[in-house]
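The values are calculated or read from the model by the stated rules, or taken from the named source; none is laboratory data. Predicted model only: the values in this text are computed from it and were never measured. Note: ideal-geometry Cβ built from the backbone for every residue, glycine included; neighbour counts use all protein chains shown.
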Amino acid sequence: MLSSSSSSSASPVSTAPSTPPPGPSQYLALGQPSVLKKLGSQLEEGDRILYVSGASSPKEVSDALAKAREIAGLASVQIDGTTGVKSELVPPATAYPMFSNAGLTSQIRLPVSSALNVDVLYRPPFTYPTLAATPANPLNPTAHPFGIPSREDWEQLWKTWDTVTLGMIPREMLHVKPIDLRHICLFYLGHIPTFLDMVLSKELGEPNTEPKWFTEIFERGIDPHVDDPEHCHRHSVVPTKAEDWPTLEDIITFRTRVRDRTFKLYEDLESGKRTIYRRLGRVLMCAYEHEAWHVETLLYMLIQRAGTGTLPPPGFPTPLFPELAKQWATIPPPTEPTVTLGPAEVTLGWDDQESDDLLPELKYKTTNRGYGWDNESPARTVHVGAFRASWRPVSNGEYLAWWRTKSLPIPASWVEEDGEIMVRTAFGPVGMDVAEQWPVMAAYDHMEMYAKGKGGRLPTEAELRLFLDSYNTGYEEDGNVGFRNWHPVPSNAGIDGKRGTNGGVWEWTSTKFDRHDGFDPTTIFSGYSSDFFDNVHQVVLGGSYATIPRQAGRRTARNFYQHNYPYAWVSARVVFDVEA
C-alpha cells in the first residue's frame with residue numbers, strides 16, 4: 001500500500017493499489033505531518049512509513065526513496081514519476097517529537113541532501129508522548145507533565161515492562177542472576193506488581209491481592225555494597241531453591257489482578273465514586289515511577305547476557321548499525337572543546353514536601369501540580385563559581401585510548417570477544433567502529449581517574465545541573481531518552497556553541513547522595529532515599545535511553561549509584577576550574 005501526495009497542497013492520503021500486496025506494507029508521506037498519526041495507527045509489524053521532508057525534484061525523491069528502501073531492506077515500490085516534494089525540511093529536534101506523538105519511531109534518518117530528508121518510520125510496541133503533549137484527564141485536568149499518571153501512562157509503561165520481562169527473558173533465564181549483586185530475573189516479575197499492590201493496600205486500608213504471601217518474598221529487592229555484599233539494607237528473604245519460587249504463570253495471574261485493581265481504582269476516581277486526594281496522587285506517582293526505575297535496572301542487568309541468553313526487544317527492528325556508523329562518523333566535533341559557565345546561583349529541587357500532603361488545607365489540592373521523590377525537595381539555592389565544562393561526555397573511543405595505558409578492568413558496558421573490545425547492546429555486542437563516539441558507561445571511580453588524568457575533575461551536582469539546563473536537549477527535542485533508541489548515540493552538543501543531546505546516558509557528579517537541609521523522608525516507600533545516605537552513593541543526573549520522559553525531563557529528578565558500581569548506564573563529562 002502506497003500512501004502519497006503529489007504536492008504539498010494535495011490531498012494528504014491516497015492509496016494504491018486497492019488490494020494490498022502480501023507481506024509488510026509501505027506508506028509514503030511527503031511533507032505531510034498531519035497524516036503521520038493516521039498512518040501510524042494502521043501499521044502492522046514490519047510496515048514502514050517513508051517520511052520525506054524538504055524540497056526536491058521528482059527524480060531526487062525517487063532516488064532518495066530507492067536508497068531508503070535499499071538500506072532498510074524494504075521491497076521496491078514504484079511511485080508516480082511526477083511526484084516531487086515541496087515542504088519545510090524538518091530538523092531532528094522537530095521531527096523526533098512529532099514522530100513520538102504520532103506513536104512512531106524513526107528506524108533511521110537519511111539526510112539525502114542539504115534540502116531533503118527521508119525518515120524510515122515504524123510503529124513500535126510502545127511509545128511515550130512528549131511532556132508538552134500530556135493530555136488533560138479527570139485526575140490531571142491541567143495536563144501537568146508531572147501530575148498524577150493517567151491510565152494511558154500506565155498502559156504504555158505496562159507495555160514496556162511486558163516487552164522487557166516477557167519478550168527478552170527466555171524461560172531458561174528466569175532463575176538466572178545476570179549480575180551477582182541482584183536477584184534472579186523472576187524476582188522482578190513478582191516484585192513490581194507486589195509493590196504496587198502493597199502501596200495501594202496500605203493507603204486505602206484494603207487487603208492485599210491474593211496470593212497475599214507474595215509480600216513475604218517480593219516486597220523489596222537488594223542493593224548490597226559492592227565491596228561487602230553482606231552489607232545491605234532491609235530486604236525480603238527470598239527462596240534459595242528454584243522449586244520454592246512461584247511459577248511464571250502464577251506471577252502473571254497475580255500481575256493481571258493487580259493491574260485490574262489499579263484500573264478499577266482509576267474508574268472509581270474518575271467517576272467520582274472515590275475522591276482523589278493529594279497523598280493518593282503521590283502513591284500512584286511513586287508506584288508508577290518505581291516500575292519505570294526498575295525497567296532500566298532490569299535492562300542493565302539483562303544486557304550483560306545480550307547475545308548469550310537475553311533476547312532482543314520484540315517488535316523493535318535491529319538497528320541499521322553499518323549505515324548509522326557512517327552517519328555518526330560525519331558528526332563534527334565541538335567548535336571549542338569546552339564552554340565556560342558561572343558564576344551563577346543554581347536552584348536544586350522544588351517545593352513538594354510529602355508531609356504537606358497531610359495538611360488539611362492542602363489535602364485535596366491535587367491539580368496544577370507535580371509530584372516527585374523525597375530527595376527532590378525542598379528547593380534550595382547553591383552558588384556555583386566559574387568553571388569550564390566539556391561539551392560532551394567522555395566517549396568510548398576516548399576512554400579506550402586512555403584505558404589501554406592503565407591496568408584496569410574493562411567497563412561492564414564493554415565485552416571482549418576474540419581479542420576485540422566491543423560494546424554491549426540489547427541486540428548483542430557491536431564493534432568500536434559503531435560505538436566509538438557513544439558516551440562510555442563506567443563506574444564513578446574510573447571516570448574520576450580519567451578526569452584527573454586530563455587535568456580536570458567531575459562536576460558537582462549544581463555544576464552539572466547548570467550545564468544540563470543550559471545546553472542539553474531532552475525528549476521534547478532530539479534527546480535520546482524514552483526508548484527512541486535501544487542504545488546510546490553520539491553526543492552532538494557544542495557545534496557552533498549550540499545545544500545537543502548527551503547521547504542517552506546518566507552522568508556522574510562528585511556530590512555524595514546525602515541528607516540536605518529540609519529533607520523530609522517518605523513514608524510511602526520507607527528508606528527509598530535514606531537507606532542510601534551511606535557515603536558510598538553518588539548523585540547522577542540526566543537520563544539514559546531507557547529512562548521514561550517523565551523522569552528524564554523533570555529537572556529535579558535525581559538518581560544515585562555506588563561509586564564503584566559498574567553496571568549502571570552512567571557516563572561523565574570532565575570539567576575544569578577557572579582561575580579567579
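One table, with the values for the structure above:
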{"quantity": "Qualifying residue in the stretch 480-500 (condition: part of a strand (DSSP E or B), of a type outside the set (V, I, T) and either touching a Cys at 6+ places or on another chain (Cβ under 8 Å) or under 26 Å from L311 (Cα atoms) (or both))", "calculated": "no"}
{"quantity": "Residues satisfying the stated conditions in the stretch 535-558, i.e. assigned to a strand (DSSP E or B) and under 25 Å from R388 (Cβ atoms)", "calculated": "Q538, V539, V540, L541, G542"}
{"quantity": "Residue ID - farthest from A426 (Cα to Cα), chosen from residues in the stretch 265-300 that are β-branched (V, I, T) and assigned to a helix (DSSP H, G or I)", "calculated": "V283"}
{"quantity": "Subset of the stretch 1-46 (residues that are surrounded by fewer than 19 Cβ atoms within 10 Å (Cβ to Cβ), modelled with pLDDT of 80 or more and touching a Leu at 6+ places or on another chain (Cβ under 9 Å))", "calculated": "K37"}
{"quantity": "Residue among P360, P317, P332 that alone is surrounded by 15 or more Cβ atoms within 10 Å (Cβ to Cβ), part of a loop (DSSP other than H, G, I, E, B) and modelled with pLDDT of 95 or more", "calculated": "P317"}
{"quantity": "Any hit, the stretch 158-176, residues being part of a helix (DSSP H, G or I) and touching a Phe, Trp or Tyr at 6+ places or on another chain (Cβ under 6 Å)", "calculated": "yes"}
{"quantity": "Condition met for L298 (in contact (Cβ under 8 Å) with a residue 40 or more places away in the chain, in contact with a Phe, Trp or Tyr (Cβ under 8 Å, 6 or more places away or on another chain) and not polar (S, T, N, Q))", "calculated": "yes"}
{"quantity": "Candidate set: the stretch 134-160, residues that are of a type in the set (V, I, T) and within 20 Å of the chain's Cα centre (by Cα); chosen: the one surrounded by the fewest Cβ atoms within 10 Å (Cβ to Cβ)", "calculated": "T134"}
{"quantity": "Every pair of residues 6+ apart whose Cβ atoms lie under 6 Å, when the first sits in the stretch 156-185 and is farther than 15 Å from L248 by Cα while the second is part of a loop (DSSP other than H, G, I, E, B) and of a type in the set (G, A, S)", "calculated": "H183/G221"}
{"quantity": "Criterion: surrounded by 19 or more Cβ atoms within 10 Å (Cβ to Cβ), of a type in the set (F, W, Y) and at pLDDT 95 or above - qualifying residue of F195, F187", "calculated": "F195"}
{"quantity": "Residue that is surrounded by the fewest Cβ atoms within 10 Å (Cβ to Cβ) [pool: residues in the stretch 405-427 that are β-branched (V, I, T) and without any contact (Cβ under 8 Å) to a residue 24 or more places away in the chain]", "calculated": "T405"}
{"quantity": "Some residue of the stretch 456-474 being basic (K, R), more than 16 Å from R392 (Cβ to Cβ), touching a helix residue (DSSP H, G or I) at 6+ places or on another chain (Cβ under 8 Å) and surrounded by fewer than 24 Cβ atoms within 10 Å (Cβ to Cβ)", "calculated": "yes"}
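Yes/no matrix, rows are residues, columns are (1) within 20 Å of C286 (Cα to Cα); (2) touching a residue at least 24 places away in the same chain (Cβ under 8 Å):
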position: V505; (1), (2): no, yes
position: P521; (1), (2): yes, yes
position: I524; (1), (2): yes, yes
position: F533; (1), (2): yes, no
position: V540; (1), (2): yes, yes
position: Y545; (1), (2): no, yes
position: A557; (1), (2): yes, yes
position: W569; (1), (2): no, yes
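The rows are residues; the columns are (1) within 28 Å of G73 (Cα to Cα); (2) surrounded by 15 or more Cβ atoms within 10 Å (Cβ to Cβ); (3) in contact (Cβ under 8 Å) with a residue 40 or more places away in the chain.
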| residue | (1), (2), (3) |
| --- | --- |
| K264 | no, no, no |
| L269 | no, yes, yes |
| P312 | yes, yes, yes |
| W328 | yes, yes, yes |
